[in-house]
Amino acid sequence: RSFLMHSTYTTDTRSREENKKTIESLYGLSVDIKKIRRLKEWVLLQDVAYVKEIAGILQEMGANEAAVASILERCPEAILHTPAEINSQRALWQLVCQNEKQLIKLIEQFPESFFTTQYHENQKANILFFQELGLKNNIITRFLTSAPSIFYNPVEKTRNVIETLQRNYLSLGGSDANMKIWILKLLSQNPFILLNTSMTIQENLEFLQKNDFTDHEVLQLLSKLKGFIFQLTPATMQKSVLFSKNVFKCSDQELKELVLKCPALLYYSVPVLEERLEGLLKEGISVTQIRDTPTVLELTTQIVQYRIKKLSALGYDIKSGNLESLTGTKKDFEVNYGKIQSKKERPIFNPVAPLHVED
């Protein structure tokens, strides 16, 4: 976005001088000019800037001096927008913010998302569409800050992708009653699916069906992969499938079961799977162990090494043990680790229990 702004506002920066009025106004707001010069000097070269006006709007919303300075240091291109543009953006974000206190907090955290005003009409239409769809405002604000690009497309494209997902959900055996919940959950897990085309979605679902996944299994995979499957292509999925089949030396049916157990086999590219497999083998883990617990491939090599080291310190031999103790989220691992630790520390017998000695 900064590049777009840059190309819009300047052609040859080398022959231009910094705008003294802009510099003075920023100094007056205790903004670190050196930081702007280092990161986005082109902003300081523009003939027109609205430093005091933008600072005034931020202060109106409740930002103190330090917050204003921080926002302008991190997103100096904010001063190149007119007050009218920023007030329109302010009104737009207020559609989903509880109050101005929440709004200014979001601007402090994600200034670039707020000060991208080129797509104002698309942003507004998409926000209203998401509200109609039933997405809660707190989810929409999360999208605005962490996935702003989904608002830049015309709302017709967004609607088209949603309709494609709905149509496929029903054709795969999903019920009308659950469809809305399924769509909303999918969007909240991975809003970037909206950047795909309807054709991509269709092609990827057809790939799974051609590989003998039943409609129910395809739905299962969509939920497990949180929509990330739409960011793949049939070609990359095919390569990953063939790699897994060769490594685990399994039939099509056995491979299908492995993929359902560990969708990462479908999602990760061959180089990623290769690297993770090599990392596990170097630790003395066998291919058979990995095949029994394929979800271990969801973890990076660094995480695996860290977890093995922790378990080894407790005397747990991962080479002969079950890999289940390695898998899962950080929280899952800590729970498993705690159980193994307490088991190790537990006395072999209860010293106060009566002894049963046979005559």
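Overview of results
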read-out: Cα principal axis extents for the chain, largest first, Å; value: 98, 56, 44
read-out: Accessible surface of the chain, 1.4 Å probe, proportion on carbon and sulfur as whole %; value: 53 percent
read-out: Residue (of 81, 67, 97) at the positive-pole extreme of the range 13-152, dipole from beta-carbon charges; value: 67
read-out: Between the range 136-176 and the range 98-118, the alpha-carbon center distance in angstrom; value: 22 Å
read-out: Computed helical MRE - 222 nm, the chain, DSSP H runs ≥ 4 contributing -39500 (n - 2.57), nearest 500; value: -19000 deg cm²/dmol
read-out: Whole-number percent relative contact order across the chain, with pairs defined as alpha carbons under 8 Å at least 6 apart; value: 8 percent
read-out: Listed residue pairs exceeding 20 Å between alpha carbons, taken from 185/226; 226/261; 282/319; 224/282; value: 224/282
read-out: Accessible surface, 1.4 Å probe, highest first, among residues 230, 243, 110; value: 110, 243, 230
read-out: Highest-MSF residue in the chain out of 177, 91, 264 [GNM, Cα springs under 10 Å]; value: 177
read-out: Listed residues 216, 120, 81 arranged by accessible area, highest first, probe 1.4 Å; value: 216, 120, 81
read-out: Average Cα contact separation per residue, the range 145-230, under 8 Å, 6 or more apart, as relative contact order %; value: 36 percent
read-out: Cα-centre dipole for the chain with unit charges at Cβ (Lys and Arg positive, Asp and Glu negative), debye to 20; value: 480 debye
read-out: Student exercise, the range 191-266 dipole from Lys, Arg, Asp, Glu Cβ charges, in Debye to nearest 20; value: 300 debye
read-out: Where GluC sites (Glu not before Pro) in DSSP loops with at most 11 other Cβ within 10 Å are excluded, longest remaining stretch of the chain; value: 18-357
read-out: Ranked order, 179, 237, 199 - accessible area, probe 1.4 Å, largest first; value: 199, 179, 237
read-out: Choice from 34, 136, 224 showing the highest fluctuation, given a GNM over the chain with Cα pairs closer than 10 Å; value: 34
read-out: Gaussian network model of the chain, springs between alpha carbon atoms under 10 Å - residue of 318, 340, 139 with greatest fluctuation; value: 340
read-out: Pair-distance profile P(r), taking every C-alpha pair of the range 15-116, with 10 angstrom steps and integer %; value: 16, 52, 26, 6, 0
read-out: Rg/Rh ratio calculated on Cα atoms of the range 211-295 (Kirkwood radius); value: 0.95
read-out: Proximal lysines relative to residue 40, as straight alpha-carbon distance under 26 Å, when same-chain residues fewer than 8 apart are discounted; value: 20, 21, 52, 105
read-out: Normalised contact order of the range 15-116, rounded percent, pairs of Cα under 8 Å and 6 or more residues apart; value: 28 percent
read-out: Size of charge dipole - the range 117-259 - debye, nearest 20, with Cβ of Lys, Arg +1 and Asp, Glu -1, no other charges; value: 420 debye
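The values are calculated or read from the model by the stated rules, or taken from the named source; none is laboratory data. As the structure is a computational prediction, the values presented were derived from the model and not from experiment. Glycine gets a Cβ as well: all are built from the backbone with ideal geometry, and neighbour counts include every protein chain shown. Note: accessible area is taken over every heavy atom of the protein model, side chains too, but ligands, DNA and RNA are not part of it. Shrake-Rupley method; radii C 1.70, N 1.55, O 1.52, S 1.80 Å.
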